[in-house]
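See below for the structure under consideration.
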Amino acid sequence: MMNITVTSGNKTALSTYDEKTIETVRTSLLVVMLLGFCFFLYLMKNFLSIYFTIDHIRDNSRYNLFAHMLITDTVYLFLCLLLAVCSLYLVYLPFSICYTTVAAASTSFLVTPYNLAIMSLERYVAVCFPLRHTEICSVQNTFIAIAVMWVLGLVSPILELIAVLLLTNKDIFSLKVKCSRLTVTIIPLQNSIKYTSIVFNLSVVGIILMFTYMKVIIVAKKISSGPSFASKAGRTVMLHTFQLLLCMTSLISSFNDVIFADSVVFLRMTFFLVFMFLPRFLSPLIYGLRDEVFCKYLKKARSK
């Protein structure tokens, strides 16, 4: 009888230890994510303050697209952070709100690759059709392109919603669920729609990037005056390709959510930080610090 009591006490102590460990891990991961996001917001604030205060920058389609990418990545990271907190602390939300949050994150995920493709096309026009650049890449056309990006990004979530409405009981929208990407995926057709859309769109964007890069490099080789604007544009397109690869690493996190759904919190959240948070953090940072105009104004702001 005494042995049973001791064993029970050990189990209780072990259970308490595990709960304390899990809580410590949760808190640590949350602090790391919040600190990283705050630093990201600080950088974005500096970039966007330059964009909104310098008139000639806002008149440049290239910088309009860059500012849009910053805003889109900020929205994406905020929504992913929100979903991560819900997953860490098992937050229950109405299904409709949870689905809307996940759909918004999925849409912003797709918009960034579209943005990279349009930025590369803008460089292509600037190099191959310099006389028509102002006409084709006007501010008005840039904002139209941005609107089209968001419409295309909404196609997959809307198709998934239609499938859910047609193939499931509508009472699910009145339920409260533990909000996560997996929770709102309740029929296999949703995964088929989502991954088909992602693969198709990223493939199209990849083709556009390779096309623009080859065209720009061909023009650069024809110019005999050494390093030129065309060569620099080619390096910019290659940078966009690298940014696309960073975006694609977010897909690894999506697959890991399925594979490690029942795994420990630390493992799932580490995948989130490495494959989803870090790539979106680095992408605009690399581009912004590389740009001569933004670097010049950042240096001016620091010297004040």
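Observations on the model:
- Scanning the stretch 132-168 for residues that are under 23 Å from Asp73 (Cα atoms) and of a type in the set (Val, Ile, Thr) yields a count of 8.
- Positions within the stretch 59-68 being open to solvent by 10 Å² or more (accessible area, probe 1.4 Å) and either in contact (Cβ under 8 Å) with a residue 60 or more places away in the chain or under 15 Å from Phe281 (Cα atoms) (or both), in sequence order: Asp59, Arg62, Tyr63, His68
- Residue pairs meeting the criteria (Cβ under 8 Å; at least 6 apart or on separate chains; first in contact (Cβ under 8 Å) with a residue 12 or more places away in the chain, in the stretch 177-191; second in a loop (DSSP other than H, G, I, E, B) and of a type in the set (Ser, Thr, Tyr)): Val177/Thr183; Ile186/Thr168; Ile187/Thr168
- Among the conditions (1) open to solvent by less than 20 Å² (accessible area, probe 1.4 Å); (2) under 26 Å from Ile207 (Cα atoms), Ile71 misses just one, which is (1).
- Among the conditions (1) open to solvent by 20 Å² or more (accessible area, probe 1.4 Å); (2) over 18 Å from the mean Cα position of the chain (by Cα), Ile118 misses just one, which is (2).
- Of Phe78, Phe40, all but one fail to be buried (at least 20 other Cβ atoms within 10 Å of the Cβ) and modelled with pLDDT of 80 or more; the exception is Phe40.
- If the condition is being among the hydroxyl-bearing types (Ser, Thr, Tyr), closer than 21 Å to Leu159 by Cα and out of contact with any Cys (no Cβ under 8 Å at 6 or more places or on another chain), then the stretch 80-106 contributes Ser96, Tyr99, Thr100, Ser106.
- Scan of the stretch 82-98 for residues that are open to solvent by 20 Å² or more (accessible area, probe 1.4 Å), in contact with a Ser or Thr (Cβ under 9 Å, 6 or more places away or on another chain) and of a type outside the set (Gly, Ala, Ser), ordered by number: Leu82, Leu93, Pro94
- The residues of the stretch 121-150 that are surrounded by 13 or more Cβ atoms within 10 Å (Cβ to Cβ) and basic (Lys, Arg) amount to a single one, Arg123.
- Residue pairs whose Cβ atoms lie under 6 Å apart, sitting 6 or more positions apart in sequence or on different chains, and linking a residue in the stretch 286-300 that is closer than 13 Å to Ile54 by Cα and touching a residue at least 60 places away in the same chain (Cβ under 8 Å) to a partner that is assigned to a helix (DSSP H, G or I) and open to solvent by 90 Å² or more (accessible area, probe 1.4 Å), do not occur here.
- Condition check for Phe109: out of contact with any Phe, Trp or Tyr (no Cβ under 8 Å at 6 or more places or on another chain) and either open to solvent by 10 Å² or more (accessible area, probe 1.4 Å) or in a helix (DSSP H, G or I) (or both): no
- Residue within the stretch 169-188 that is open to solvent by 40 Å² or more (accessible area, probe 1.4 Å), assigned to a helix (DSSP H, G or I), over 25 Å from Asp73 (Cα atoms) and in contact with a Ser or Thr (Cβ under 9 Å, 6 or more places away or on another chain) present: yes
- Test: residue in the stretch 70-77 that is more than 21 Å from Val177 (Cβ to Cβ), over 17 Å from the mean Cα position of the chain (by Cα) and of a type in the set (D, E, K, R): no
The values are calculated or read from the model by the stated rules, or taken from the named source; none is laboratory data. Here the structure is a predicted model, which is why all the values come from computation and not from measurement. We place every Cβ from the backbone using ideal geometry, glycine too, and count neighbours over all the protein chains shown. Surface areas here come from the heavy atoms of the whole protein model, side chains and all, with no ligands, DNA or RNA. Shrake-Rupley method; radii C 1.70, N 1.55, O 1.52, S 1.80 Å.
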